Amino acid sequence: MLTIRNLLPGDVDSAIALQSSVYPTIPPFREDQFANLLQIFPRGQFAAVPDERLVGIAISLVIVWERCSLHHTWASITNDGNFDTHNADFGHTLYGAEVCVSPDERGHGIGHALYEARRNLCRAMNLKRIIAGGRLSGYARHATKLTPGDYAKRVIWGELYDPVLRFQLDEGFDYCGILPDICRQTRNR
C-alpha cells in the first residue's frame with residue numbers, strides 16, 4: 001500500500017539514489033541541501049513509500065511569486081539550490097522544485113499522489129497557487145524540426161506525446177510557456 005508522508009532525515013540517502021536513477025545526467029541534491037529543506041520547510045517535502053521503500057519524492061517551497069516572473073530559472077527561484085528563498089510568512093505560492101518517481105514504479109499513480117499532497121498542503125496553508133516547471137523529456141527527438149514552443153503546443157494539441165508535459169497537464173496545470181535554463185543541472189554544484 002502506498003503511503004505519502006513527509007520526507008525524513010533518514011530518507012536522504014534513498015532520495016539521493018532515487019534522483020540519480022531518475023535523472024542520471026543531472027547531479028542529485030546534496031545532503032546539505034536536503035538538510036536545509038528539512039529544516040526550513042519540512043511539511044513541504046514529500047516521500048512516496050510503499051512497503052518501506054522510497055519510490056518518489058516531491059520537493060517544494062513557498063515563494064513570493066510577485067518577486068519572480070514567468071521567465072524565471074530554477075536557480076533563481078531556489079537560490080542555486082540553497083532554498084533560502086522559502087518565505088512562508090509572505091509567500092502565497094507553492095513552488096514545485098522537484099518531483100521524481102522511480103522508473104520501475106511509474107504508471108501506478110505515485111506522481112498523482114505526490115501532487116495531491118502538494119494540493120492538500122496548498123489548501124492547508126491557504127496559498128493561492130502551485131507553480132512548477134518541467135522538462136520536455138521527449139523534445140530531443142524533435143529538436144531538429146521544432147522549436148521547444150512548437151513541440152509543447154503539439155503535445156498540448158495531442159499531436160505528440162511528452163510524458164512530463166502530459167503528466168503536468170493531466171494534473172490540471174496550465175502551460176505558460178518555455179523557460180530556458182529551468183533545469184537544475186545549470187546550477188554550479
| Identify, please: which residue in the stretch 8-38 is part of a loop (DSSP other than H, G, I, E, B) and out of contact with any Gly (no Cβ under 9 Å at 6 or more places or on another chain) and is, among those, surrounded by the most Cβ atoms within 10 Å (Cβ to Cβ)? | Pro28
| Of all the residues that make up the stretch 93-143, how many are of a type in the set (Ser, Thr, Tyr), under 13 Å from Phe167 (Cα atoms) and either touching a strand residue (DSSP E or B) at 6+ places or on another chain (Cβ under 8 Å) or crowded, with 19+ Cβ neighbours inside 10 Å (or both)? | 1
| In this structure, does Val155 turn out to be at pLDDT 95 or above, in contact with a Lys or Arg (Cβ under 8 Å, 6 or more places away or on another chain) and β-branched (Val, Ile, Thr)? | yes
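In this structure, does Pro24 turn out to be more than 29 Å from Lys128 (Cα to Cα) and without any contact (Cβ under 8 Å) to a residue 40 or more places away in the chain? Quick ask: steps written out before the conclusion?
Values: more than 29 Å from Lys128 (Cα to Cα): yes; without any contact (Cβ under 8 Å) to a residue 40 or more places away in the chain: yes.
Yes: the conditions hold for Pro24.
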| request: Could you please tell me which pairs satisfy a Cβ distance under 6 Å, a separation of 6+ or placement on different chains, a first residue in the stretch 28-53 that is in contact (Cβ under 8 Å) with a residue 40 or more places away in the chain, and a second residue that is in a helix (DSSP H, G or I)? | output: Phe46/Leu114; Phe46/Ala117; Ala47/Asp11; Ala48/Ile110; Ala48/Leu114
| task | Output the number of residues of the stretch 73-109 satisfying the condition of being over 23 Å from Val55 (Cα atoms), part of a loop (DSSP other than H, G, I, E, B) and at pLDDT below 90. | result | 4
| task | Go through (1) over 10 Å from the mean Cα position of the chain (by Cα); (2) at pLDDT below 95 one by one and return the number of the condition Asn120 breaks. | result | (2)
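The values are calculated or read from the model by the stated rules, or taken from the named source; none is laboratory data. What you see is a predicted model; the values in this text were computed from it and never measured. We place every Cβ from the backbone using ideal geometry, glycine too, and count neighbours over all the protein chains shown.
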